[in-house]
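A.B. asks: I have a structure I would like to understand better, so I am pasting it below and will then ask my questions one at a time.
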Amino acid sequence: MNLRGDDSKLLGFLSAYTRQSWEYERQPARISTNWQELAEPRAEASLAQRLDKLMHLARHRTGEHGESFEFAPQWDYPLVDVACKAAFMFLYEHAIETGLLKTQSLSSAVITFKGWEYLESLSGFPGAPKRAFVAMSFDPSLAAAYDHGIYPALETDCGISCIRIDRAHHNEKICDKILAEIRRCQILVADFTLQRPGVYFEAGFGLALGRTVIWTVREDQIKDVHFDTRQYNHIVWKDPADLRVKLAERIQATAAGPPRIP
């Protein structure tokens, strides 16, 4: 790869992407000329998102409740989307001060009861989400977009189980089932082709819960997207194959680490 000089500040966050891929997926990261797209979401992560990643790292390395976990700030800082040891320690000390973690030694800590409650309130495992909810029109004209675009991008390419409510077996009221599934998911894929009001509602509910919402729309429909949501970075797709590639790449860059090879 040719790394431009003005991208040098992003390289530390490319390390965040590669380290998280190995820590949580145990496979090497796949990087190509789009490496800036992999690094930028980590460089732009909020303090709250980085604290979430610190707590998930603690959970990932903890056995049973009450057991301690080991960490090495000088090596582990990319796992929480920061670019240096000092930033890792800033987050770690905040977690201690707020009672989420309890220090055991210079290199170990334990998740407190409050910390486990905090983890239970989060939507999933950053860097390796495993469940997605798909909000889209059920019109037959979009069946191929789901069957050959969204579904294989999630299930085959990224190893994420997905649910589309009209294809799920259940005995509950459909509105209750939709809300329950959005609460359970880590990613919500919202396709606005044909402009169904329910898709807008479900995407908004997912946003309010702090879920990762991925916005998609067929290219002939982008002009019709409501102005309230137009500012979000929509995947604009031409056909199901194009949607599959672009959706897997977006998940790779922002949510779930590298796509899996079928």
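A.B. asks: Go through the range 76-88 and count every residue that is farther than 22 Å from TRP22 by Cα and surrounded by 13 or more Cβ atoms within 10 Å (Cβ to Cβ).
C.D. replies: Taking the range 76-88 and keeping what is farther than 22 Å from TRP22 by Cα, we get 86.
After this cut, where a residue has to be surrounded by 13 or more Cβ atoms within 10 Å (Cβ to Cβ) as well, the list is none.
The total comes to 0.
A.B. asks: Scan the range 152-181 residue by residue and report those that are part of a helix (DSSP H, G or I), at pLDDT 80 or above and aliphatic (A, V, I, L, M).
C.D. replies: Scanning the range 152-181 gives ALA153, LEU154, ILE165, ILE178, LEU179, ALA180.
A.B. asks: Mind listing whichever residues of the range 206-233 are assigned to a loop (DSSP other than H, G, I, E, B) and either of a type in the set (A, V, I, L, M, F, W, C) or within 15 Å of VAL134 (Cβ to Cβ) (or both)?
C.D. replies: Just the residues of the range 206-233 that are assigned to a loop (DSSP other than H, G, I, E, B), to begin with: 209-211, 225-233.
Those that are assigned to a loop (DSSP other than H, G, I, E, B) and either of a type in the set (A, V, I, L, M, F, W, C) or within 15 Å of VAL134 (Cβ to Cβ) (or both): LEU209, ARG211, VAL225, PHE227.
A.B. asks: Just one of THR112, THR216 is modelled with pLDDT of 90 or more and open to solvent by less than 10 Å² (accessible area, probe 1.4 Å); which is it?
C.D. replies: Every option except THR216 fails the conditions.
A.B. asks: Same structure, new question: Count, please, the residues in the range 55-105 that happen to be assigned to a loop (DSSP other than H, G, I, E, B), more than 21 Å from TYR24 (Cα to Cα) and small (Gly, Ala, Ser).
C.D. replies: 2
A.B. asks: Quick one: how many residues across the range 44-75 are buried (at least 21 other Cβ atoms within 10 Å of the Cβ) and β-branched (Val, Ile, Thr)?
C.D. replies: Number of matching residues: 0.
A.B. asks: Among the residues of the range 180-203 satisfying the criterion of being in contact with an Asp or Glu (Cβ under 9 Å, 6 or more places away or on another chain) and open to solvent by 20 Å² or more (accessible area, probe 1.4 Å), which is nearest to ASN233 (Cα to Cα)? Before the answer, list the steps.
C.D. replies: Keep residues of the range 180-203 that are in contact with an Asp or Glu (Cβ under 9 Å, 6 or more places away or on another chain), which gives 180, 182, 188, 190, 192-196, 199-200.
Checking which are open to solvent by 20 Å² or more (accessible area, probe 1.4 Å) leaves us with 180, 194-196, 200.
On the way: ALA180: 26, LEU194: 18, GLN195: 16, ARG196: 19, TYR200: 15 Å.
Taking the candidates together, the pick is TYR200.
A.B. asks: What single numbered condition from (1) under 18 Å from ASP52 (Cβ atoms); (2) open to solvent by 70 Å² or more (accessible area, probe 1.4 Å); (3) of a type outside the set (S, T, N, Q) fails to hold for ALA95?
C.D. replies: Only one criterion is unmet by ALA95, namely (2).
A.B. asks: Any chance the range 181-200 includes a residue that's touching a helix residue (DSSP H, G or I) at 6+ places or on another chain (Cβ under 8 Å), in contact (Cβ under 8 Å) with a residue 24 or more places away in the chain and among the polar types (S, T, N, Q)?
C.D. replies: Yes, that holds for at least one residue.
A.B. asks: Kindly indicate whether any position in the range 31-42 is among the β-branched types (Val, Ile, Thr), under 25 Å from the mean Cα position of the chain (by Cα) and open to solvent by 40 Å² or more (accessible area, probe 1.4 Å). Please lay out each step first, then the result.
C.D. replies: Residues of the range 31-42 that are among the β-branched types (Val, Ile, Thr), as a first pass: 31, 33.
Checking which are under 25 Å from the mean Cα position of the chain (by Cα) leaves us with 31, 33.
Then keep just the ones that are open to solvent by 40 Å² or more (accessible area, probe 1.4 Å); that gives 31, 33.
Looking through the range 31-42, at least one residue is among the β-branched types (Val, Ile, Thr), under 25 Å from the mean Cα position of the chain (by Cα) and open to solvent by 40 Å² or more (accessible area, probe 1.4 Å).
The values are calculated or read from the model by the stated rules, or taken from the named source; none is laboratory data. What you see is a predicted model; the values in this text were computed from it and never measured. Here the Cβ is made from the backbone with ideal geometry for all residues, glycine too, and neighbour counts use every protein chain on show. When the accessible area is computed, the model is the full protein with side chains, heavy atoms only, and any ligands, DNA or RNA have been set aside. Shrake-Rupley method; radii C 1.70, N 1.55, O 1.52, S 1.80 Å.
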